[in-house]
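Visitor: Have a look at the structure that comes next, please.
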Amino acid sequence: MAEVIDTATLNINALGADEMRWVYNGLDSCVTSEVLQNMMAVADDVALRTYEFSKALQAPVLEMNLRGLRVNKRRKMQVIADITTKIARLEEQLDAIICDGIGAAGANWRSPKQLKELLYDIMQLPVQKKRNSNGAFAPTTDEGALEKLANYFIAEPICNHILLLRGLGKSLGFLRTGVDADGRMRTQFNIAGTVTGRFASSVTDFGTGTNLQNVTESLRSVFVADPGMMFCNIDLEQGDSRNVGALCWNLFANEDEAFAGSYLNACESGDLHTFVSKIAFPNLAWGTAPDREIAEQLAHKHYDYRFMSKKVGHGSNYLATPPTIAKHARIPLQIAKDFQSHYFKGFPCIPAWHEKVFWALENLGYLISPFGRRRFFFGRPKDGSTRREAVAHVPQSMTGDEINTGILNLWRANKVQLLVQVHDSILFQFPEHLRDEIVPWAVEAIKTKLVLERGREFVVPTEASTGWNWGKQSDENPDGLKKWKGSDERKRTETKFQLSLADF
């Protein structure tokens, strides 16, 4: 028999344990329903479109949350042993550098206090500060501080060792993350975890697993396909860049197609970064050899011109200034200035798009993507941080909706088992004997087509790779992911990656 409880006049101290649970769960259901009814009453078509899309994603996301990734225990322990050995060697090197080079006692790289004493008291390096939990600026040895200090000749080897050790320490922590009793590691994807529409991920409700969207390449080989299954990973190629091009086209195509399409045409040329190199570095000997060969010549330290064009061009799209670019790319300021000057002259639609975003911030307070996702901005419209956030928002939001629409297409077809979404890619598994059928189908199914202004069709191309573990294929990892070029004739090997019950 149902019981009606008036929670407005309820004396919670008079309730038993079971009654408390009834009231708690009842309030959870009733209040949620009341909130939904009130929100639906004021929601417009733009908001409802995003809401319905998010609801549709709940089923495939729940499947990924429940399925998880199978962990090869033997491979996991081997990687842990390798990392532990590297840490011991680097610790020995760091102590030698500090003792022999500085004349000081070694410092524990895990101790911020000892590192501050070493870097700021003993070595007298400029003190790097950061706002602490109390709101005051205090000395820090975080990643940003160490990267700045690494610019000093005497500190470079010490800072680089510490940064590398911290990275390896994080990798160890990840590998030691709790694996569930069935030998699988899981994550909990949150559909509403970001303002862009991209998923966020974290530990599960049961306290196991971790964020599987930030697994470094060196650790991915521990995750393997189930027996009889094969992995396929599909990436969106240059999604954010192409989306910038699409936005520029939509804004200006009705006025000047050449102006509007300058960047999108470059994206669709087949080799965006070489194309950008020709614009940003006009003094290279273009025409004396194939363009890509020239673009891959060394530009600064270990960067070639093509890679620099990729890195600096992306930052320029998102309002990074030359000083910021020089700092993060670790290139001379003048190179960053010259690059950006040539870049914006070659693609004038990009700064014009920036201005349109600034106008929308000041006059509307919101932006709407071509997929109909709207976001309001509550920061000061002219603040640099608000502007940077707004400029980056729509291209990144488009990438999220493109990959998630593709995921929904895959799930509805019920031909594959979804595993992990990583921002602009999806990993899934399927019966390996169906590879020649499934992979070409999935590559097309995941594409999201848009029709831009003046009827121009737009789709971000995809790239697939197949294998039996999540790492890249190599001599050491023969079962890793290999780029799909119409077929994959490999068979699952009988090396150290062979599966047996002892591995899980």
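The values are calculated or read from the model by the stated rules, or taken from the named source; none is laboratory data. Note that the coordinates shown come from a computational prediction; the quantities given were computed from them, not determined experimentally. Please note: Cβ atoms are built from the backbone with ideal geometry, for glycine as well, and neighbour counts cover all protein chains shown.
Visitor: Restricted to the stretch 99-117, and to residues that are under 18 Å from residue 168 (Cβ atoms) and among the aliphatic types (A, V, I, L, M), which residue is farthest from the chain's Cα centre (by Cα)? Lay out the reasoning, then the answer.
Guide: Going through the stretch 99-117, the residues under 18 Å from residue 168 (Cβ atoms) turn out to be 106-112, 115.
Among the residues that remain, those that are also among the aliphatic types (A, V, I, L, M) are: 107, 115.
On the way: 107: 33, 115: 30 Å.
By that ranking, first place goes to 107.
Visitor: Residues of the stretch 189-224 being crowded, with 22+ Cβ neighbours inside 10 Å, among the polar types (S, T, N, Q) and over 25 Å from residue 86 (Cα atoms), which ones?
Guide: 201 - this is the single residue of the stretch 189-224 that is crowded, with 22+ Cβ neighbours inside 10 Å, among the polar types (S, T, N, Q) and over 25 Å from residue 86 (Cα atoms).
Visitor: So which residues in the stretch 247-273 are among the acidic types (Asp, Glu) and either closer than 30 Å to residue 296 by Cβ or surrounded by 20 or more Cβ atoms within 10 Å (Cβ to Cβ) (or both), if there are any at all?
Guide: Going residue by residue through the stretch 247-273, those that are among the acidic types (Asp, Glu) are 255-257, 268, 271.
If the condition is that a residue be among the acidic types (Asp, Glu) and either closer than 30 Å to residue 296 by Cβ or surrounded by 20 or more Cβ atoms within 10 Å (Cβ to Cβ) (or both), then 268, 271 are the ones that fit.
Visitor: Within the stretch 37-57, how many residues are surrounded by 11 or more Cβ atoms within 10 Å (Cβ to Cβ), assigned to a helix (DSSP H, G or I) and either without any contact (Cβ under 8 Å) to a residue 24 or more places away in the chain or not hydroxyl-bearing (Ser, Thr, Tyr) (or both)?
Guide: So in the stretch 37-57, the residues surrounded by 11 or more Cβ atoms within 10 Å (Cβ to Cβ) come out as 39-40, 43, 46-51, 53-54, 56-57.
Then drop every residue that is not assigned to a helix (DSSP H, G or I), which leaves 39-40, 46-51, 53-54, 56-57.
Subsequent filtering for residues that are either without any contact (Cβ under 8 Å) to a residue 24 or more places away in the chain or not hydroxyl-bearing (Ser, Thr, Tyr) (or both) retains 39-40, 46-49, 51, 53, 56-57.
The number of residues fulfilling the criteria is 10.
Visitor: Across the stretch 141-181, which residue is surrounded by the most Cβ atoms within 10 Å (Cβ to Cβ) among those that are among the polar types (S, T, N, Q) and farther than 27 Å from residue 202 by Cα?
Guide: Our first condition is that a residue be among the polar types (S, T, N, Q); within the stretch 141-181, this holds for 141, 151, 160, 171, 177.
Then keep just the ones that are farther than 27 Å from residue 202 by Cα; that gives 151, 160.
Working: 151: 11, 160: 15.
Among residues in the stretch 141-181 that are among the polar types (S, T, N, Q) and farther than 27 Å from residue 202 by Cα, the one surrounded by the most Cβ atoms within 10 Å (Cβ to Cβ) is 160.
Visitor: Please state which one of 265, 254 is farther than 30 Å from residue 420 by Cβ and under 27 Å from the mean Cα position of the chain (by Cα).
Guide: On the way: 254 fails: under 27 Å from the mean Cα position of the chain (by Cα).
Result of the check over 265, 254: 265.
Quick grid of which residues meet (1) within 27 Å of residue 197 (Cβ to Cβ); (2) hydroxyl-bearing (Ser, Thr, Tyr); (3) in contact with a strand residue (DSSP E or B) (Cβ under 8 Å, 6 or more places away or on another chain); (4) not assigned by TED's automatic domain parsing to the domain that holds residue 430:
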| residue | (1), (2), (3), (4) |
| --- | --- |
| 24 | no, yes, no, yes |
| 59 | yes, no, no, yes |
| 88 | no, no, no, yes |
| 93 | no, no, no, yes |
| 98 | no, no, no, yes |
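Visitor: Among the residues of the stretch 360-375, is there at least one that is in a strand (DSSP E or B), more than 19 Å from residue 467 (Cα to Cα) and of a type in the set (D, E, K, R)?
Guide: We begin by selecting, within the stretch 360-375, every residue in a strand (DSSP E or B); these are 366-368, 374-375.
Checking which are more than 19 Å from residue 467 (Cα to Cα) leaves us with 366-368, 374-375.
Going one step further and asking which of them are of a type in the set (D, E, K, R), we end up with 374-375.
Checked the stretch 360-375: at least one residue is in a strand (DSSP E or B), more than 19 Å from residue 467 (Cα to Cα) and of a type in the set (D, E, K, R).
Visitor: Condition first: surrounded by 14 or more Cβ atoms within 10 Å (Cβ to Cβ) and farther than 13 Å from residue 218 by Cβ. Now tell me which residues in the stretch 75-91 satisfy that.
Guide: 87, 90, 91
Visitor: Working only within the stretch 268-288, note down all residues that are touching a residue at least 60 places away in the same chain (Cβ under 8 Å), over 27 Å from the mean Cα position of the chain (by Cα) and within 14 Å of residue 306 (Cβ to Cβ).
Guide: The first filter runs over the stretch 268-288 and keeps only residues touching a residue at least 60 places away in the same chain (Cβ under 8 Å), leaving 276, 279-282.
From the residues that got through so far, the ones that are over 27 Å from the mean Cα position of the chain (by Cα) too are 279, 281-282.
Hits for the stretch 268-288 are 279, 281.
Visitor: Pairs under 6 Å by beta carbon, first residue in contact (Cβ under 8 Å) with a residue 40 or more places away in the chain in the stretch 106-123, partner among the β-branched types (Val, Ile, Thr) and surrounded by 15 or more Cβ atoms within 10 Å (Cβ to Cβ), six or more apart or different chains?
Guide: Once the first residue is in contact (Cβ under 8 Å) with a residue 40 or more places away in the chain and sits in the stretch 106-123, its partners that are among the β-branched types (Val, Ile, Thr) and surrounded by 15 or more Cβ atoms within 10 Å (Cβ to Cβ) give 109/162; 115/141.
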